[in-house]
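Notes for the one structure printed next.
The values are calculated or read from the model by the stated rules, or taken from the named source; none is laboratory data. Being a predicted model, the structure only gives us computed values, none of them experimental. Cβ sites come from the backbone with ideal geometry, for glycine too, and all protein chains shown count toward neighbours. Side chains are part of the model used for accessible areas, which takes the heavy atoms of the whole protein and leaves out ligands, DNA and RNA. Shrake-Rupley method; radii C 1.70, N 1.55, O 1.52, S 1.80 Å.
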Amino acid sequence: MSGPVLETERLVLRPPKPQDFESYLGFITSDRAQYVGRVQTRLAAWKAFAVEAGHWSLHGYGPWVVTLKSTDRSLGQVGVWHPEGFPERELGWLIWAEAEGKGLAYEAAMAARDHDYRVYGTKTLVSYIEPDNARSIRLAERMGAVLDPAAEKADEIDFVYRHPGPEGAR
């Protein structure tokens, strides 16, 4: 899979590779995935992984795999995507349990958002977040995103958080 690679102070964000599937499987079949489409089977997990990886081929952008600079082991996925049926480009994140609480999701999401604004000229991004997903809500708010009750919803998700545009980011 080809695509840009981003580096931050601690992280590398790169397109997904086949070897990332096992860590994705561990997340997406666990209770941690309750807000992002938890699945029950290996096949369903493979299909979800393939959709996210395929977004890169179809659109030229998508969710990056997040790794520490010191290792190529997947710690989550962060990136912008716009799947069929979503009214707007979404900045989304999935972070595995071992990486939580270290500021990695924030660091990766800020890099992904900045890249999207700079490279694609996007003027706004949203994050679709389930109302009970307190961790994701806190992250969106830390990034400066605000609840936008007028925004069109995706996949019957009740909360749409709107990120500040390029002029207001950071």
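If you check E98, E141, E167, E156 for being more than 16 Å from the chain's Cα centre (by Cα), surrounded by fewer than 15 Cβ atoms within 10 Å (Cβ to Cβ) and part of a helix (DSSP H, G or I), only one passes: E98. Scan segment 119-129 for residues that are open to solvent by less than 60 Å² (accessible area, probe 1.4 Å) and part of a loop (DSSP other than H, G, I, E, B) and the total you get is 4.
Residues checked against (1) over 17 Å from W56 (Cα atoms); (2) assigned to a strand (DSSP E or B); (3) without any contact (Cβ under 8 Å) to a residue 24 or more places away in the chain; (4) out of contact with any Cys (no Cβ under 7 Å at 6 or more places or on another chain):
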| site | (1), (2), (3), (4) |
| --- | --- |
| V80 | no, yes, no, yes |
| K102 | yes, no, yes, yes |
| D116 | no, no, no, yes |
| P131 | yes, no, no, yes |
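Contact map, segment 63-75: residues that are over 25 Å from S127 (Cα atoms) paired with residues that are open to solvent by 10 Å² or more (accessible area, probe 1.4 Å) and aliphatic (A, V, I, L, M), Cβ distance under 9 Å, separation 6+ or inter-chain. Pairs shown: K69/V12; D72/V12.
Within segment 1-50, the residues that satisfy the criterion of being open to solvent by 100 Å² or more (accessible area, probe 1.4 Å) and either in a strand (DSSP E or B) or aliphatic (A, V, I, L, M) (or both) are M1, E7, L43.
P83 meets all of the listed conditions (1) open to solvent by 30 Å² or more (accessible area, probe 1.4 Å); (2) at pLDDT below 95; (3) in contact with a helix residue (DSSP H, G or I) (Cβ under 9 Å, 6 or more places away or on another chain) but one, namely (1).
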